[in-house]
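The values are calculated or read from the model by the stated rules, or taken from the named source; none is laboratory data. Treat the numbers as computed from the prediction; the structure is a model and nothing was measured. Here Cβ is always computed from backbone atoms with ideal geometry, including for glycine, and neighbour counts include all displayed protein chains.
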Amino acid sequence: MKPVSYKRIFAYLLDIIFITFVGALITMFIPTSEKYMEANNELIEVVNDFREEKIDQDKYLEKVNDINYVLNHESVAVSIVSVVLSTIYFVVVAYYMNGQTLGKKLMKIKIVSSNDRKLKMNNYLIRSLIIDSILMNTLSTVLILVLTKGNYIKVYDIISSVFGTIYIVTFGMMLFRKDGRGLHDLLARTKVITIDDVKVSEQLSTETLEAKVVEEKVKTKETKKKSTKTSASSKTTTKKTNKPKTNKAKTTKSKAKEDK
């Protein structure tokens, strides 16, 4: 595994811890419904029954799906807060912090463009929709408000499978691609590099710029020397050209005097 891959993993874990903490502070002011508490207690009982083999796996999955529907339905407000908070943190904050979140700043890595163009907020949004689960959580929140329990459970299972596959593929790409770019990076035209790479790149750019400036100065000096030589030679040629004319004029005058 590449060193930058380790840094990305640790940075992401730090970001999740931070955003979970902030989210908990915000949602603590949202009252918990009785249905949510009852469903949560029922889930604990079902898990214990399955461990004690009082119910088989099919019955366990059936009950868990029903309970999860109630839990998700009763926590829509929390889901909305989570989506909004993730969008602000991973998109807006990253954009104004020049490609860094708190975790990336601590791990000394940053998001940059893969084609040397300035990143826009859309680039951060595209990558965050996938890697930061914003799209999945948004779809889940919308679907639970518009679908019945049976349809929601079926659609949610499909969405979970699709995004689960996307996460596995993306993580594998980040580990095994030479440039470390995942699916979200390819779609958003971004890549993650270390701050040291940025410094080296900036130093090379500065050195290249300085070399160009020196080269331009040398060319300017050579051009001035050539123009000076050209003007000097043209003056010399003019003098040489004018002298014979003067001599001829004098000779003509002297001959005229003799004739007289």
**OP:** Please go through the stretch 134-171 and pick out each residue that is more than 18 Å from residue 182 (Cα to Cα), assigned to a helix (DSSP H, G or I) and aliphatic (A, V, I, L, M).
**Re:** 139, 142, 143, 144, 145, 146, 153, 155, 158, 159
Original post:
Taking residue 94, is it small (Gly, Ala, Ser) and under 30 Å from residue 181 (Cβ atoms)?
Top reply: yes
**OP:** Collect the residues in the stretch 112-151 that are among the hydroxyl-bearing types (Ser, Thr, Tyr) and out of contact with any helix residue (DSSP H, G or I) (no Cβ under 6 Å at 6 or more places or on another chain), keeping them in residue-number order.
**Re:** 113, 114, 133, 140, 148
Original post:
Which condition breaks for residue 20 when tested against (1) assigned to a helix (DSSP H, G or I); (2) over 23 Å from the mean Cα position of the chain (by Cα); (3) β-branched (Val, Ile, Thr); (4) within 30 Å of residue 125 (Cα to Cα)?
Top reply: (2)
Original post:
Is there a residue being assigned to a loop (DSSP other than H, G, I, E, B), over 30 Å from residue 137 (Cβ atoms) and modelled with pLDDT of 65 or more anywhere in the stretch 181-196?
Top reply: no
Original post:
Is it the case that the stretch 40-57 has a residue that's part of a helix (DSSP H, G or I), closer than 19 Å to residue 135 by Cα and either more than 27 Å from the chain's Cα centre (by Cα) or hydrophobic (A, V, I, L, M, F, W, C) (or both)?
Top reply: no
Original post:
crowded, with 20+ Cβ neighbours inside 10 Å and modelled with pLDDT of 95 or more, is that true of residue 95?
Top reply: no
**OP:** Sort through 104, 154, 108 and tell me the only one that's under 24 Å from residue 23 (Cβ atoms) and either more than 11 Å from the chain's Cα centre (by Cα) or of a type in the set (A, V, I, L, M) (or both).
**Re:** 104
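For the stretch 143-169, give me each residue that is among the hydroxyl-bearing types (Ser, Thr, Tyr), more than 18 Å from residue 79 (Cβ to Cβ) and surrounded by 11 or more Cβ atoms within 10 Å (Cβ to Cβ). Before the answer, list the steps.
If we filter the stretch 143-169 for residues that are among the hydroxyl-bearing types (Ser, Thr, Tyr), which is where we start, we get 148, 152, 156, 160-161, 165, 167.
Now restrict to residues that are more than 18 Å from residue 79 (Cβ to Cβ): 148, 161, 165, 167.
Across the stretch 143-169, the qualifying residue is only 167.
Could you list, in sequence order, all residues of the stretch 23-37 that are assigned to a helix (DSSP H, G or I), in contact (Cβ under 8 Å) with a residue 12 or more places away in the chain and more than 36 Å from the chain's Cα centre (by Cα)? Full working, then the answer.
Just the residues of the stretch 23-37 that are assigned to a helix (DSSP H, G or I), to begin with: 23-27, 34-37.
Subset that is in contact (Cβ under 8 Å) with a residue 12 or more places away in the chain: 23, 26-27, 35-36.
If the condition is that a residue be assigned to a helix (DSSP H, G or I), in contact (Cβ under 8 Å) with a residue 12 or more places away in the chain and more than 36 Å from the chain's Cα centre (by Cα), then 35, 36 are the ones that fit.
Please work out which residue is nearest to residue 6 (Cα to Cα), limiting yourself to the stretch 72-125 and to residues that are of a type in the set (S, T, N, Q), outside any helix (DSSP H, G or I) and touching a residue at least 40 places away in the same chain (Cβ under 8 Å). Give the derivation first.
Within the stretch 72-125, the subset of a type in the set (S, T, N, Q) is 72, 75, 79, 82, 86-87, 98, 100-101, 113-115, 122-123.
When the remaining residues are screened for being outside any helix (DSSP H, G or I), the result is 75, 98, 100-101, 113-115.
Filter once more, keeping what is touching a residue at least 40 places away in the same chain (Cβ under 8 Å): 101, 113-115.
Numbers: 101: 16, 113: 20, 114: 20, 115: 24 Å.
For the stretch 72-125, the residue satisfying everything is 101.
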